[in-house]
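**Student:** Supplied in structure tokens, the structure appears directly below.
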Amino acid sequence: MTVTLYGVTRSRASRIVWLCLEAGIPFEQVPVIQARRIADPLAADAPLNTKSPRFLEINPNGLVPALRDGDLVLVESLAINLYLAKKAGAPIGPADLAEDGQTTMWSFWAATEVEPHAMHILFHRGYLPVAEREPAKAEAAVQALAPKFAVLDAHLAGRDWLVADRFTVADLNIAEVLRYAGMAPELFAAAPDVQRWYDACQARPAFLEMMRRREAEPA
Ligand SMILES: N[C@@H](CCC(=O)N[C@@H](CS)C(=O)NCC(=O)O)C(=O)O
């Protein structure tokens, strides 16, 4: 059955687009845009956005992505991907309980240990107008992420993928979170096995198609 994805691809909805393309899950995309990208999100002619009452009924947190699968509504991008991967089953999803534990573990690791710092790098090295950037915040985030990259690098030494010997939702979720740290090339340079694995993730046709769709959207 077709699932409905709420969120433009220039958001964390990218993660769900990649997963659906990778797993061959049919999806309809409702391009809910971030309210902060609109001058007056509540104006009568504003596009559907994260502050629109119609979207807040779906996700009262006012954040994209959200997913509808029949009567089920889910929010939180990495949890949505874990759900869809289990629905699709192996190879993208876990083949057994141990793999389920590992894919969940790595996804929580990315959400709690990596993403907050990666967001500082993204905002203070690229996203914010130059006058609003605080280089010290980006530098502190790089310092905080260096040991996390070292952990990932050690895990990937001699391995192609994070869990089992195939590309799974764990690789996809972690690669998407690390993309937000992309403006800190020094982290990748110090972790060659992370760089090798990251390049392999981003060479996948489903990733390239997701990026093509993302770049086709207005900036
Ligand atoms: N932990 C949430 C974070 C979702 C989130 O922060 N989404 C951003 C877009 S990537 C958003 O909707 N922001 C609303 C806005 O900026 O107006 C998840 O992973 O789904």
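The values are calculated or read from the model by the stated rules, or taken from the named source; none is laboratory data. Just so it is clear, the model here is predicted, and its values are computed rather than measured. Cβ coordinates were reconstructed from backbone atoms using ideal geometry, including for glycine residues, and neighbour counts include every protein chain displayed. Areas reflect the complete protein model, heavy atoms only, side chains present, ligands, DNA and RNA absent. Shrake-Rupley method; radii C 1.70, N 1.55, O 1.52, S 1.80 Å.
**Student:** Would you please list the contacts, defined by Cβ atoms under 6 Å and residues six or more apart or on different chains, that run from a residue in the stretch 145-164 that is closer than 16 Å to Trp109 by Cα and surrounded by 14 or more Cβ atoms within 10 Å (Cβ to Cβ) to a residue that is at pLDDT 95 or above and among the small types (Gly, Ala, Ser)?
**Tutor:** Phe149/Ala191; Asp153/Ala191; Leu162/Ala170; Val163/Ala170
**Student:** Sticking with this structure for a sec: Using the structure shown, decide if Ser14 is within 30 Å of Val142 (Cβ to Cβ) and open to solvent by less than 50 Å² (accessible area, probe 1.4 Å).
**Tutor:** On the way: within 30 Å of Val142 (Cβ to Cβ): yes; open to solvent by less than 50 Å² (accessible area, probe 1.4 Å): yes.
Yes, satisfied.
**Student:** Quick check on Leu122: is it within 19 Å of the chain's Cα centre (by Cα) and either surrounded by 13 or more Cβ atoms within 10 Å (Cβ to Cβ) or not acidic (Asp, Glu) (or both)? First the steps, then the outcome.
**Tutor:** Working: within 19 Å of the chain's Cα centre (by Cα): yes; either surrounded by 13 or more Cβ atoms within 10 Å (Cβ to Cβ) or not acidic (Asp, Glu) (or both): yes.
Taking the combined requirement at face value, the residue satisfies it.
**Student:** From the list Leu19, Leu56, Leu74, Leu82, pick out the single residue that is open to solvent by 60 Å² or more (accessible area, probe 1.4 Å) and either β-branched (Val, Ile, Thr) or not assigned by TED's automatic domain parsing to the domain that holds Thr112 (or both). Walk me through how you get there before you give the answer.
**Tutor:** Values: Leu19 fails: open to solvent by 60 Å² or more (accessible area, probe 1.4 Å); Leu74 fails: open to solvent by 60 Å² or more (accessible area, probe 1.4 Å); Leu82 fails: open to solvent by 60 Å² or more (accessible area, probe 1.4 Å).
Sole residue among the options that is open to solvent by 60 Å² or more (accessible area, probe 1.4 Å) and either β-branched (Val, Ile, Thr) or not assigned by TED's automatic domain parsing to the domain that holds Thr112 (or both): Leu56.
**Student:** Does Leu67 satisfy being of a type in the set (A, V, I, L, M, F, W, C) and open to solvent by 40 Å² or more (accessible area, probe 1.4 Å)? Walk me through it before giving the result.
**Tutor:** On the way: of a type in the set (A, V, I, L, M, F, W, C): yes; open to solvent by 40 Å² or more (accessible area, probe 1.4 Å): no.
Criteria not met by Leu67.
**Student:** Kindly establish whether Val151 is of a type outside the set (D, E, K, R) and more than 29 Å from Val8 (Cβ to Cβ).
**Tutor:** yes
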